[in-house]
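A quick write-up on the structure given underneath.
The values are calculated or read from the model by the stated rules, or taken from the named source; none is laboratory data. What you are looking at is a predicted structure, and each value in this text was computed from that prediction instead of being measured. We place every Cβ from the backbone using ideal geometry, glycine too, and count neighbours over all the protein chains shown. Remember, those area values only see protein heavy atoms, side chains included, never the ligands or the DNA or RNA. Shrake-Rupley method; radii C 1.70, N 1.55, O 1.52, S 1.80 Å.
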Amino acid sequence: MHVLITGGSSGIGAATAVAYGATGARVTITYNSGEDRAAQVVKRVEQAGGKAAAVRLDLEDHASITTAAEEVGPVDALVANAVRWGTIMPNSVPFEDVPAAEWTAALHANVVGNAVLVGAVLPGMRRNGFGRIVFVSSGAAEEGLPGPGAYGTAKMALHGMARALAWEAGKDGILVNVAAAGFTLTERERPVPQEVADALAARTPTRRLSTADDLAALIVFLGSAANRNLTGEIIRDGSNAGRSAHAL
Ligand SMILES: NC(=O)c1ccc[n+]([C@@H]2O[C@H](COP(=O)([O-])OP(=O)(O)OC[C@H]3O[C@@H](n4cnc5c(N)ncnc54)[C@H](OP(=O)(O)O)[C@@H]3O)[C@@H](O)[C@H]2O)c1
């Protein structure tokens, strides 16, 4: 099993790479600015029992996406996890003050960039008659967040892309799903004040926020042969099953 994980240099992508490694998979992660962090993740994947490599891929630079995909070669699974965050904090910028250029940049990277990436790996999956694609999305897509909306809009577009692809590629043995995270305790999010984390957790069914490892377990299932015939679905993680984001 060869899996390509974009944005594998930190957070959910890094945890997913290590979780795949523990299954003995060959894992290629991509990084954008974090080459050193990616090298550390490669070591962790190998310590977990997998084979690993890292390549640079910038969702904003579509040529870098096709170059990376060519370098990586055929893959059995793609985890489209990388994100250009842009301006997403609730109310940090009023909607009407978000310039058109920010909308263009967010959609160019997070929607068109992922379409280019899928287009690059799909022919190999079709030839093999097997493929698993997992888009990593957010509660910001379906629930919305107050404030600038380009991030959530781009994530919602990935849901449409997954649905279309599920129909388009299912006959070739390719299953396509979305893992929709809620607020997740990654390195980047952990510094959130405890009272905010508690308020977010209180609005979830399980009264706890997910960790990156929780998401990794879901993604590895969706993106492996263990997923036998589940496709076109938006799977909401426990952190995303309430309206926790609105507590921010
Ligand atoms: N953490 C949460 O609470 C949460 C909640 C809902 C959804 N999600 C989703 O989960 C996924 C992972 O989030 P995370 O919290 O693990 O993020 P993170 O720790 O900030 O990692 C983001 C990853 O994306 C890469 N990246 C950033 N800009 C990029 C670009 N222009 N082109 C290619 N790669 C780029 C980063 O690479 P470098 O560091 O190498 O630059 C990094 O590997 C994202 O899709 C995010 O929307 C996260």
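Go ahead and run the numbers for FRET between Ala115 and Ala202, Cβ-Cβ distance against an R0 of 25 Å, rounding to 0.05.
0.10
Return the Rg/Rh ratio of segment 2-247 with Cα-based radii and a Kirkwood Rh.
0.95
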Legend entry - Table column - 3J(HN,Hα) (Hz), segment 138-153, Karplus curve with 6.51, -1.76, 1.60, x for Gly and Pro: 9, x, 4, 6, 8, 8, x, 10, x, x, x, x, 5, 4, x, 4
Inset, instruction - Run the numbers on segment 2-247 and let me know its relative contact order in percent, using alpha-carbon pairs under 8 Å that are six or more apart. - result: 20
Inset, instruction - Would you mind telling me the share, in percent, of accessible area of the chain contributed by carbon and sulfur at probe 1.4 angstrom? - result: 54
Inset, instruction - Calculate, for the chain, the solvent-accessible area per residue in square angstrom, rolling a 1.4 angstrom probe over the heavy atoms of the protein chains. - result: 44
Inset, instruction - Quickly work out the Thr211-to-Asn128 label distance, labels modelled 7 Å from Cα along the C-beta direction, and quote it in nm with one decimal. - result: 3.0
Inset, instruction - Please work out the Kirkwood hydrodynamic radius for segment 3-73, using every pair of different C-alpha atoms, and report it in angstroms with one decimal place. - result: 11.6
Legend entry - Long-range amide H partners of Ile174 with built H, under 5 Å: Gly131
Legend entry - Helix axis angle, 35-48 relative to the chain longest principal axis, alpha carbon, degrees: 60
Inset, instruction - Show Ser9, Ser92 ordered by accessible area, largest first, where the area counts protein heavy atoms only and the probe is 1.4 Å. - result: Ser92, Ser9
Inset, instruction - Calculate how steeply helix 62-72 sits against the longest principal axis of the alpha-carbon atoms of the chain, using the helix alpha-carbon long axis, and give the answer as 0 to 90 degrees to the nearest 10. - result: 40
Inset, instruction - Report the label-to-label distance for Arg44 and Glu187 in nanometres (one decimal), using points 7 Å from each Cα along the Cα→Cβ vector. - result: 0.7
Inset, instruction - Tell me the label-point distance for the pair Ala100, Thr67, using the 7 Å Cα-to-Cβ offset, in nm and rounded to one decimal. - result: 3.1
Inset, instruction - Round to a whole angstrom and tell me the spacing of the C-alpha centers of segment 16-56 and segment 158-223. - result: 20
Legend entry - segment 13-27 - phi-based ³J(HN,Hα) in whole Hz, Karplus 6.51/-1.76/1.60, Gly and Pro as x: x, 5, 4, 5, 4, 5, 5, 5, x, 5, 8, x, 6, 8, 10
